[in-house]
Amino acid sequence: MFTLCRYIAAFFLLLRVGRVRVSGLENIPKGGAVACGNHGSFLDPVLLDVAARRRFMFMAKKELFKSPILGGFLKWLGSYPINRGAAADTAAFKTTLDLLNKNRLICIFIQGRRDRSGSITKPKPGAALFAAKSGAPVLPFAIITDYKPGGGARVIFGKPFGLDGETASPRENSELIAQRINELLAE
C-alpha cells in the first residue's frame, strides 16, 4: 500500500514541482540512520520519500496530529509526534531510539521548522543527540528548489558519517551536521 501511495505522491509532486533530480542514492544506508536536512515546504517529506525510494519515518510537531484525519494519515505514513515546547519529550525520544534499533530511516529537519533561507543557521541538537546515543550514522541531505510550479527540484544525499558522542557536545555535533548540509546546499 505504501508503494502505491508513493507512486500517487510522485505523480502529484511532478505536477507541482516538475522534474526531480536525485543524486547520492548510493549513500543511503541499508540500516538505520538519522537523515538530516533543510526544510522549506510541507512537500519536503513527500519529496524525500519519492527521491530516496526508501521509507522515511518523520518526526513531526505534535500540533499536526490534533486533527483526527491529518493525524491518522500522518501516523499511517509513519510519522510520529514530538512536543517541541517540552524540555525533553521522552516519548518521542524513546520512539526514535526504538525505530533506529529496528534499522529504520528517521528524518529530522534539523532546524525544527520550515526555513527557505538556503542554509542551515540555527540547528537544534536533537538529531545529533539521537545519532550519538544510538550509534546510527547521520545521512545529510539537501533539497534544492524554489517550490514554484514547474521549477524543478534537486535532492542530494551526502555520505553518511558517525558522531563523537563521547567528547563532542550535542551542540557541537549539530553544528557539524549543519556544516555538511550547507556543503550539499552549495553544490
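The values are calculated or read from the model by the stated rules, or taken from the named source; none is laboratory data. Only a predicted model underlies this, so the values are computations on that prediction, with no experimental measurement involved. Methodologically, a virtual Cβ is constructed for each residue, glycine included, from the backbone with ideal geometry; neighbour enumeration extends over all protein chains shown.
A compact table of results
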{"read-out": "Inter-residue pairs, beta-carbon under 9 Å, first among the aliphatic types (A, V, I, L, M) and in segment 169-187, second part of a helix (DSSP H, G or I), 6+ apart", "value": "Leu176/Ala128; Ile177/Ala127; Ile177/Ala128; Ile177/Ala131"}
{"read-out": "Residue list for segment 142-168, filter: under 24 Å from Pro125 (Cβ atoms) and free of Cβ contacts under 8 Å to residues at least 40 places away in the same chain", "value": "Phe161, Gly162, Leu163, Asp164, Gly165, Glu166, Thr167, Ala168"}
{"read-out": "Selection count where residues are small (Gly, Ala, Ser) and on the phi < 0 side of the Ramachandran plot, scope segment 137-158", "value": "4"}
{"read-out": "Boolean, Phe109 is surrounded by fewer than 22 Cβ atoms within 10 Å (Cβ to Cβ) and hydrophobic (A, V, I, L, M, F, W, C)", "value": "no"}
{"read-out": "Strands (runs of 3 or more DSSP E) enclosed by segment 1-91 - at least 3 residues per element that are surrounded by 13 or more Cβ atoms within 10 Å (Cβ to Cβ) and at pLDDT 85 or above", "value": "33-37, 56-61, 80-82"}
{"read-out": "Only one of Leu100, Leu185 that is out of contact with any Cys (no Cβ under 9 Å at 6 or more places or on another chain), at pLDDT 90 or above and within 20 Å of Arg54 (Cβ to Cβ)", "value": "Leu100"}
{"read-out": "In segment 152-187, residue surrounded by the fewest Cβ atoms within 10 Å (Cβ to Cβ) [restricted to those that are basic (Lys, Arg) and in a helix (DSSP H, G or I)]", "value": "Arg171"}
{"read-out": "Single unsatisfied condition, Gly112 versus (1) of a type outside the set (Asp, Glu); (2) modelled with pLDDT of 85 or more; (3) within 15 Å of the chain's Cα centre (by Cα)", "value": "(2)"}
{"read-out": "Test: Pro140 is assigned to a loop (DSSP other than H, G, I, E, B), at pLDDT 90 or above and surrounded by 16 or more Cβ atoms within 10 Å (Cβ to Cβ)", "value": "no"}
